[in-house]
Amino acid sequence: MTLQSLPSGFETLAPFVETWAATTTVARARRRTDSTPTERQAFFEAAAPLLEPAMAYLDARRLADLDAGERQLLNLMMSLSHVQMAVEIHREMEPQHAAFREAMAITRSATDFG
């Protein structure tokens, strides 16, 4: 993935773009499953405080008009929803929940663009 400049105010998320700015639901679920608890926690701690400002920023724009950096911010926030479940709810039970995700074949979702 080519790193684009994230919008101003979201630069602290740049180290997470390559891993967490997945473009499809399937890829986001795979990243969650393949990540370690430490990786999920680090991303969660960096991204969670920026969720509200990111959504306010993105909501003020038309989806079709997002540039590459804004699209990466959107993808990071969608990955955050996957990671938040693992960090806040599943916690140490995440590996058991990952086994169920493997059995559920997601082919496309409403958040997949294109």
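Restricting the range 54-67 to residues that are surrounded by fewer than 12 Cβ atoms within 10 Å (Cβ to Cβ) and of a type in the set (Gly, Ala, Ser), which is nearest to the chain's Cα centre (by Cα)?
ALA56
Among (1) without any contact (Cβ under 8 Å) to a residue 40 or more places away in the chain; (2) of a type outside the set (Gly, Ala, Ser); (3) assigned to a helix (DSSP H, G or I), which single condition is GLU70 missing?
Only one criterion is unmet by GLU70, namely (1).
If you go through the range 41-57, how many residues are of a type outside the set (Phe, Trp, Tyr) and more than 12 Å from LEU76 (Cα to Cα)?
Adding up the residues that qualify gives 7.
What number of residues within the range 33-53 are loosely packed, with under 14 Cβ neighbours inside 10 Å, under 15 Å from PRO15 (Cβ atoms) and touching a residue at least 12 places away in the same chain (Cβ under 8 Å)?
0
Where a number appears in this text, it was derived from the coordinates with a stated rule and is not lab data. What you see is a predicted model, and the numbers here were worked out from it, not measured in a lab. So basically every Cβ, Gly included, is an ideal-geometry build from the backbone, and we count neighbours across all protein chains shown.
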